[in-house]
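Trainee: Just dropping this structure here.
Please treat every number below as a calculation from the coordinates, not as lab data. Because the structure is a prediction, the values reported are computed rather than measured. Cβ coordinates were reconstructed from backbone atoms using ideal geometry, including for glycine residues, and neighbour counts include every protein chain displayed.
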Amino acid sequence: MSKKKPDPFTLVIFGASGDLTARKLMPAVYGLFRDGLLPDAFSVVGYARTPETDESFRAGMREAAQKFVRSGSFDEAAWKAFASRLSYVSGSYDAPGFRLLKSKLDEAAARDGTRGRCLFDLATPPAAFGDIVGGLLEAGLSLPREGDSSWPRIIVEKPFGSDLATARELNKRLQRAFSENRIFRIDHYLGKETVQNLLVLRFANSIFEPLWNRDFVDHVQITVLESVGVEGRGRYYDQTGALRDILENHMMHLLCLVAMEPPVALDADAVRGEKVKLLRALKPMPPACVSDQVVRGQYSAGESAGAPVPAYRDEPGVSPDSVTETFLALKAFVDNPRWQGVPFYLRTGKRMPVRLTEISIHFKAAAHPLLRAAHNAPPPPNVLAVRIQPNEGITLRFQVKVPGPAMEIRPFGMDFDYVSAFGKEPPDAYERLLLDAALGDSTLFIRDDEVEAAWSFVGPIVESCDARKPVKIPLYPAGSWGPAEADRLIQADGRRWELMKRPVHHEPGTRRRRA
Ligand code: BG6
């Protein structure tokens, strides 16, 4: 992470009493502060409707930081210094609330010399985004600073709209208050070290780029599996589902980084420009194709980590007859010269047997294998797999000769493991992203046209699925690998889902039909 410090600023978190603030934002800001990456003149103002005092807010945040800060590295002295910079404003997202906030920020500006450098973070449910942005505009809090037009800034958490129309509307509202260079649409997957490593893997190594196309690649798999269920977010999730929660954002960005053309530079405009081109090249999926190319599923009661867990429909906040998907498998195509005809299989699910995010490039089989593997079968094709989490690393599967007199060959995985190579865990994604936003670097944030291009592809799929509601949704037991229909989706093409390397810590008591 950059050692450059941002200018003095105040971070204003809307939704400060919520889960996202406690689990992700505050531990990340504390981690940055503890590591000396924030300026001396820096403060955090938490804003939410829930009545709290500065003291009770600090106590709650301390607990959160202790629990969730990276590698559990909580430092008492650093916390004391950090806590003195935290304060809380309780108010609604209306004019009196914003007046109160403004006076608090004026105080902070006079005390810390931040001179209007505010970084607003929308960590509320998306329904409040419009009111907050409107309130900031009316209170004059979004106006550019004299002499430095890159402040104040705003971070918008996902989901960004629920379809193309709502995403466009939100873009318009935001841009009425903030210029695009001051809007930071966050997708925390882009802050993951191993996601950024994809760029290095592809563009800093000469051996992969010549093979990275339809002549050598048979297909690509992108897998985002979670062992958790909806974790008390049933009400939100039931309106969202895997299509909007994971596919439209995290998976689309992984797909972009794997498949986009090399950018001319690694700066915000060049990288995001290539991502948009890739999103626009995705072959649209008309309703008639959705049933062949998309499988949805929902978990029923089962097991997780050896303990019984309820069905999705029995989770708090979820409708008892919900047909919202907690699992999704999909086949997509990129309609450009590099990827013509190469399927991209995407799979994501909650309550899976493992937590694992992996991208694997499956190369074509040797054209004329001189050697045969066991049972006289052709050797399995080469696979290059990037493990995004956990056990971050890269595996290359290739064939080796088994020692002995016979010419017996076997696939072997050559491994790069982040922790063994660097002796430490990769940095936290939110830390990286918050620091970048404070430094004004938008490379790892989503541009307006990117979000709209992602919705242009995902929106029609969501609509087709919604149009078929209410329908029966295939069920899979919690702790299993998803509905059998997902296997059929890929098997119909003569392929199968594969994970190159299972996480080291398996949860016991889970069914293992396949990987
Ligand atoms: C969030 C989704 O964006 O990402 C959650 O809303 C999901 O449903 C989470 O659990 C997964 O993030 P990570 O970093 O744990 O893979």
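Trainee: If you fit an axis through the alpha-carbon atoms of helix 164-177 and take the longest principal axis of the Cα set of the chain, what angle between them do you get, 0 to 90°, nearest 10?
Mentor: Tilt relative to the chain: about 30 degrees.
Trainee: Let me ask another. What does the net charge come to around Val342 if you take all other residues with beta carbon closer than 14 Å to its beta carbon, with K and R at +1 and D and E at -1? Each step should come with its number before you reach the end.
Mentor: Working: positive: Arg214, Lys283, Lys331, Arg338, Lys364, Arg495; negative: Asp215, Asp218, Asp335, Asp493.
It works out to a net charge of +2.
Trainee: Go ahead and estimate [θ] at 222 nm for the chain from helices alone: -39,500 (n - 2.57) per DSSP H run with n ≥ 4, summed, over the residue count, rounded to 500. Can you show the working numbers first?
Mentor: Working: 15 runs with 163 residues, N = 515.
Rounded to the nearest 500, it is -9500 deg cm²/dmol.
Trainee: From the phi angles alone, apply the Karplus equation (6.51, -1.76, 1.60; θ = phi - 60°) to the stretch 121-138 and give each ³J(HN,Hα) in whole Hz, x where the residue is Gly or Pro.
Mentor: Calculated HN-Hα couplings, in order: 10, 8, 9, 9, x, x, 4, 8, 4, x, 4, 5, 5, x, x, 5, 4, 5 Hz.
Trainee: OK, next. Would the stretch 211-275 count as rounded, prolate or oblate if I go by the C-alpha gyration tensor, calling it rounded below 1.5 in a/c and otherwise prolate when a/b exceeds b/c, oblate otherwise?
Mentor: Oblate shape, in that a/c is at least 1.5 and b/c is the bigger or equal ratio.
Trainee: Hey, got a sec? Which GluC sites (Glu not before Pro) in the stretch 405-482 land in a DSSP loop and have at most 15 other Cβ atoms within 10 Å? Walk me through the intermediate numbers first.
Mentor: Details: sites: Glu408, Glu431, Glu450, Glu452, Glu463; in loops: Glu408.
Loop-located and lightly packed - Glu408.
Trainee: Related question: Which of the peptides 105-115, 139-149 is most tightly packed, and how do the rest follow, going by the mean number of other Cβ atoms within 10 Å of each residue?
Mentor: 105-115, 139-149
Trainee: So what's the net charge close to Leu211: Lys and Arg +1, Asp and Glu -1, counting the other residues with Cβ under 11 Å from its Cβ? Can you show the working numbers first?
Mentor: Values: positive: Arg202, Arg214, Lys364; negative: Glu209, Asp215.
Charge balance near Leu211 sits at +1.
Trainee: While we're looking at this one, here's another question. Tell me, what HN-Hα J-couplings in whole Hz come from the Karplus equation 6.51 cos²θ - 1.76 cosθ + 1.60 at θ = phi - 60° for each residue of the stretch 205-219, using x for Gly and Pro?
Mentor: 10, 7, 7, 8, 3, x, 9, 7, 6, 4, 6, 10, 9, 7, 6
Trainee: Defining a contact as two alpha carbons under 8 Å apart and six or more residues distant in sequence, what relative contact order in percent does the stretch 9-157 show?
Mentor: About 30 percent, as a whole number.
Trainee: I want the antiparallel fraction of DSSP beta bridges within the chain, as a percent rounded to 5.
Mentor: Bridges in the chain are about 60 percent antiparallel.
Trainee: Taking H as built 1.01 Å from N, whose amide H comes closer than 5 Å to the amide H of Ala478, not counting residues under 5 places away?
Mentor: Ser300, Ala301, Gly302, Glu303
Trainee: Taking the inverse of the average 1/r across all pairs of different Cα atoms in the chain, what Kirkwood radius in Å do you get? All intermediate terms of the calculation are to be shown ahead of the outcome.
Mentor: Numbers: mean 1/r = 0.0410 Å⁻¹.
Computed over Cα pairs of the chain, the Kirkwood hydrodynamic radius comes out at 24.4 Å.
Trainee: Counting only residues 5 or more places away or on other chains, whose amide H sits under 5 Å from the amide H of Lys158 once H atoms are built in the peptide plane?
Mentor: Answer set, sorted by chain and number: Ile186.
Trainee: Would you mind computing the Rg to Rh ratio of the stretch 9-157 from its alpha-carbon coordinates, Kirkwood style for Rh?
Mentor: 0.95
Trainee: Which value in nm describes the separation of the simple spin-label points at Gln66 and Val471, placed 7 Å from the Cα toward the beta carbon?
Mentor: 4.9 nm
Trainee: Check Phe9: other-chain or 5+ apart residues with amide H under 5 Å from its amide H, H built from backbone geometry?
Mentor: Amide H neighbours of Phe9, under 5 Å, 5+ apart: Ser43.
Trainee: If you don't mind, another one. If exposed means no more than 15 neighbouring beta carbons inside 10 Å and the site is in a DSSP loop, what's the longest run of the chain without any exposed chymotrypsin sites (Phe, Trp or Tyr not before Pro)?
Mentor: Here the longest segment lacking exposed loop sites spans 217-515.
Trainee: Oh, and also: Using each residue's phi in the stretch 77-84, evaluate 6.51 cos²θ - 1.76 cosθ + 1.60 at θ = phi - 60° and report the 3J(HN,Hα) Karplus result to the nearest Hz, with x for Gly and Pro.
Mentor: Using θ = phi - 60°, the values come out as 5, 5, 4, 4, 5, 5, 4, 5 Hz.
Trainee: Let me ask something else about it. How far is the Cα center of the stretch 12-33 from the Cα center of the stretch 124-177, in Å?
Mentor: Between the Cα centre of the stretch 12-33 and that of the stretch 124-177, the gap is 19 Å.
Trainee: Relative contact order, percent, of the chain when contacts are C-alpha pairs under 8 Å separated by at least 6 residues?
Mentor: Worked out over the chain, it gives 17 percent.
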